[in-house]
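**Student:** Handing you this structure, nothing more for now.
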Amino acid sequence: MLQALNINKIFKSEGLETQVLKDISLEIPEGEFLSIVGRSGSGKTTLLNVLSTLVRPDDGELIYQGSDLTTMRDSGLNRLRHADFSVIFQFHHLVPYLTALENTLLPFMRTIKPTSRELVERGRECLERVGLAGKENRLPSNLSGGEQQRVAIARALIKSSRILFADEPTGSLDKSTGEEIMELITDLNREGLTVVMVTHDPEYAKLANRSVTMEDGIFVQ
Ligand SMILES: Nc1ncnc2c1ncn2[C@@H]1O[C@H](COP(=O)(O)OP(=O)(O)O)[C@@H](O)[C@H]1O
Ligand SMILES: [Mg+2]
């Protein structure tokens, strides 16, 4: 479904060059749940950001549905990301002054009239799916950390994404809340969503079909 071929990424700061990804190749079949583990600084986030097209690699190819995304223009990438990809982060990135429902509808705020009844109904269904029925009108500050992460997942659901990229989605949650979020992600994968997840937790990595370990910009093992 998504194939990375010989990806390299170098960051330059203050005259210093760091090669963060070294000739990385990876194939993610449709429906897979892949986990990426490794020490802090090993390049996991950078790899996830390259795979989700948030960061362009210096060279290499990223093949999705027959096209190389590394050469696609920003406008094309934006369209593709909007249609097929969703990203959730360790810190949920909700908009603080929008309600849970409005945050869920956010991907469509620019393209469809936010008052579209059908869309609002779908937003409610997505929130129900993640266990937030009745909390649609709460601001993020009135939701727990786990609930905020659920809103981020609802936002991924409303788009009917094909791939969910998750960067340490349980990283800021307590153990039992983290387990609930993992259960939700696992369920979504069973229903067909392809999942690529960075995690620190070996227990959560085991929930995936496959796990790759990064060390200093390469895969080890
Ligand atoms: N935008 C950036 N500019 C410069 N260096 C960066 C940038 N992003 C990440 N790095 C460096 O790349 C390395 C890998 O970072 P990252 O991909 O965030 O690792 P991980 O997610 O495994 O902790 C680190 O040494 C980090 O300091
Ligand atoms: Mg990281």
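**Student:** Could you please find all residues in the range 1-19 being of a type in the set (Val, Ile, Thr) and surrounded by fewer than 20 Cβ atoms within 10 Å (Cβ to Cβ)?
**Tutor:** 10, 18
**Student:** Looking only at the range 87-105, filter to residues that are surrounded by 19 or more Cβ atoms within 10 Å (Cβ to Cβ) and not β-branched (Val, Ile, Thr); which one of those is farthest from residue 145 (Cα to Cα)?
**Tutor:** 105
**Student:** Of the residues that make up the range 175-185, is at least one in a loop (DSSP other than H, G, I, E, B), more than 16 Å from ligand 2 (Cβ to nearest atom) and in contact with a helix residue (DSSP H, G or I) (Cβ under 7 Å, 6 or more places away or on another chain)?
**Tutor:** no
**Student:** Can residue 86 be described as hydroxyl-bearing (Ser, Thr, Tyr) and farther than 25 Å from residue 154 by Cα? Before you say what the answer is, go through the steps one by one.
**Tutor:** Numbers: hydroxyl-bearing (Ser, Thr, Tyr): yes; farther than 25 Å from residue 154 by Cα: no.
No; evaluated as a whole, the condition is false for this residue.
**Student:** If a residue has to be away from ligand 1 (no atom under 16 Å from the Cβ) and closer than 28 Å to residue 79 by Cα to count, how many in the range 148-173 make the cut? Talk me through it step by step, then tell me what you get.
**Tutor:** Of all residues in the range 148-173, those away from ligand 1 (no atom under 16 Å from the Cβ) come to 148-164, 173.
Adding the requirement that they be closer than 28 Å to residue 79 by Cα leaves 148-164.
Matching residues across the range 148-173 total 17.
**Student:** Please go through the range 82-133 and pick out each residue that is aromatic (Phe, Trp, Tyr) and either within 16 Å of ligand 1 (Cβ to nearest atom) or not in a helix (DSSP H, G or I) (or both).
**Tutor:** Step one: of the range 82-133, the residues aromatic (Phe, Trp, Tyr) are 85, 89, 91, 97, 108.
Selection gives 85, 89, 91, 97.
**Student:** For the range 85-96, indicate whether the set of residues that are away from ligand 2 (no atom under 15 Å from the Cβ), more than 18 Å from residue 167 (Cα to Cα) and not hydroxyl-bearing (Ser, Thr, Tyr) is non-empty.
**Tutor:** Applying the first criterion (away from ligand 2 (no atom under 15 Å from the Cβ)) to the range 85-96 yields 85-86, 92, 94-96.
From the residues that got through so far, the ones that are more than 18 Å from residue 167 (Cα to Cα) too are 95-96.
Remaining after also requiring not hydroxyl-bearing (Ser, Thr, Tyr): 95-96.
Yes, the range 85-96 contains at least one residue that is away from ligand 2 (no atom under 15 Å from the Cβ), more than 18 Å from residue 167 (Cα to Cα) and not hydroxyl-bearing (Ser, Thr, Tyr).
**Student:** Filter the range 149-166 for residues that are within 16 Å of ligand 2 (Cβ to nearest atom) and either without any contact (Cβ under 8 Å) to a residue 40 or more places away in the chain or surrounded by fewer than 21 Cβ atoms within 10 Å (Cβ to Cβ) (or both) and give the result.
**Tutor:** If the condition is that a residue be within 16 Å of ligand 2 (Cβ to nearest atom) and either without any contact (Cβ under 8 Å) to a residue 40 or more places away in the chain or surrounded by fewer than 21 Cβ atoms within 10 Å (Cβ to Cβ) (or both), then no residue fits.
**Student:** Spot the failing condition for residue 142; the list is (1) in contact with a Ser or Thr (Cβ under 7 Å, 6 or more places away or on another chain); (2) surrounded by fewer than 20 Cβ atoms within 10 Å (Cβ to Cβ), and only one is missed.
**Tutor:** Here residue 142 clears every test but (1).
**Student:** I would also like to ask the following. Starting from the range 26-49, take each residue that is closer than 12 Å to residue 194 by Cβ and list its partners that are more than 7 Å from ligand 1 (Cβ to nearest atom) and of a type in the set (Ser, Thr, Tyr), counting only C-beta distances under 6 angstrom and pairs at least six apart or across chains.
**Tutor:** Filtered contacts from the range 26-49: 30/194; 31/194; 32/194.
Values in this text are rule-based calculations from the coordinates and carry no lab data. All values reported here derive from a predicted model rather than from experimental measurement. Note that we place each Cβ from the backbone using ideal geometry, even for glycine, and neighbour counts take in every protein chain shown.
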